[in-house]
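Quick notes on the structure that follows.
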2 protein chains.
Amino acid sequence: MKHFTFFLGAAGAMVSFVAFTAPAPGHADEGSAPFVTDIPDGYRDWQWISSTHEAGNLNSLGALLGNDVAMKAFRERKLPFPNGTILAALHYRYVPSDENNKIFGKVQSFVPGSPTNIQFMVKDSTKYAATGGWGFATFQDGKPANPASMKSCFPCHEKAKATDLVFTRYTP
Amino acid sequence: MKHFTFFLGAAGAMVSFVAFTAPAPGHADEGSAPFVTDIPDGYRDWQWISSTHEAGNLNSLGALLGNDVAMKAFRERKLPFPNGTILAALHYRYVPSDENNKIFGKVQSFVPGSPTNIQFMVKDSTKYAATGGWGFATFQDGKPANPASMKSCFPCHEKAKATDLVFTRYTP
């Protein structure tokens, strides 16, 4: 059975956009590099790193959460991120809040609508050596997304080399 | 010394907008109702409830975080919120991410910029009986905001009586 590499951007919907619209040729050996196959336990209880709105086709509003290893690294500005770091990007449709806007009298308040996907970056410099030490994954309705849509994630994240392939900044 | 009531909306920037642009007459006894005077300890480590973008004049992007009592109540859909619930609304300027957008080749990615304020709602049905059981507060640069700007918070939150004065929904 062929192993696919799940090169999906976990640092923000931005990367998904790149994947959807301009699949770049994979730089890594996509036949051998492992991908993240299981949704990390307890990610919804992790601390908040930042919120992001992606306009345009993605039309997304979400949050980046991090496990304890991730939060410590962000707060200590520690780079590269240590093994054990896991980042979870929770994405939702960007929708107006009808109940809030009724009070405003205009369309002003935008909130997360239905979930679109959850993306992860898992740091393990040995296991994921072929992809910069990061394992990438995206899950839709609890299932890993189509590998074909994910090949551009690592090449795109490589552009953030100065911050160890992580695009999102910690919001104090 | 006169005590002011800090009627500032803690459930989202929406409420601030109402306060800034259309101060409503206070419904409660503003001379006697207490307000929240101290920033709750450790709020930045609390779990994520949801993200919100407020367009228009507010131009805000942020997150609502909750302490353990709050998270349990949200997840169990428990209303009214029990005493001890604290909600923290962290607000920032809604700004484009130049480094992300350079990769997109267009202005698509929006992130939290400089902080604007932090707002809290603290549930104590005795202490804050005059304001629906909630103590309201806003802090800018660590200091409580001008009381004059905060008088419309409780009257506005009263419109969310069906959800115990809390506008923000839990994002799963």
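The values are calculated or read from the model by the stated rules, or taken from the named source; none is laboratory data. This is a predicted model, so every value here is computed, not measured. Cβ placement follows ideal geometry from the backbone for every residue including glycine, while neighbour counts extend to all protein chains displayed. These accessible areas exclude ligands, DNA and RNA; they are computed on the full protein's heavy atoms, side chains included. Shrake-Rupley method; radii C 1.70, N 1.55, O 1.52, S 1.80 Å.
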| A:Asp41 being away from chain B (no Cβ under 11 Å), open to solvent by 20 Å² or more (accessible area, probe 1.4 Å) and modelled with pLDDT of 50 or more | yes
| request: Examine the stretch B:61-83 for a residue that is of a type in the set (Asp, Glu) and at pLDDT 95 or above, and state whether such a residue exists. | output: yes
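Is it fair to say A:Val95 is at pLDDT 95 or above, of a type in the set (A, V, I, L, M), more than 13 Å from the chain's Cα centre (by Cα) and surrounded by fewer than 16 Cβ atoms within 10 Å (Cβ to Cβ)?
Considered against the rule, which asks whether it is at pLDDT 95 or above, of a type in the set (A, V, I, L, M), more than 13 Å from the chain's Cα centre (by Cα) and surrounded by fewer than 16 Cβ atoms within 10 Å (Cβ to Cβ), A:Val95 comes out as yes.
Quick grid of which residues meet (1) under 21 Å from A:Ser51 (Cβ atoms); (2) in contact (Cβ under 8 Å) with a residue 12 or more places away in the chain; (3) more than 13 Å from chain B (Cβ to nearest Cβ):
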site: A:Tyr92; (1), (2), (3): yes, yes, no
site: A:Glu99; (1), (2), (3): yes, no, no
site: A:Gly113; (1), (2), (3): yes, yes, no
site: A:Thr116; (1), (2), (3): yes, yes, no
site: A:Met121; (1), (2), (3): yes, yes, yes
site: A:Gly142; (1), (2), (3): no, yes, no
site: A:His157; (1), (2), (3): yes, yes, no
site: A:Ala160; (1), (2), (3): yes, yes, no
| Residue tally, condition more than 7 Å from chain A (Cβ to nearest Cβ) and surrounded by 24 or more Cβ atoms within 10 Å (Cβ to Cβ), over the stretch B:59-70 | 4
| request: Name the helices (runs of 4 or more DSSP H) wholly inside the stretch A:54-172 in which the number of residues that are charged (D, E, K, R) is 1 or more. | output: A:68-75, A:98-104
| Are any of the residues in the stretch B:132-153 closer than 20 Å to B:Arg44 by Cβ, open to solvent by 20 Å² or more (accessible area, probe 1.4 Å) and either more than 16 Å from the chain's Cα centre (by Cα) or of a type in the set (A, V, I, L, M, F, W, C) (or both)? | no
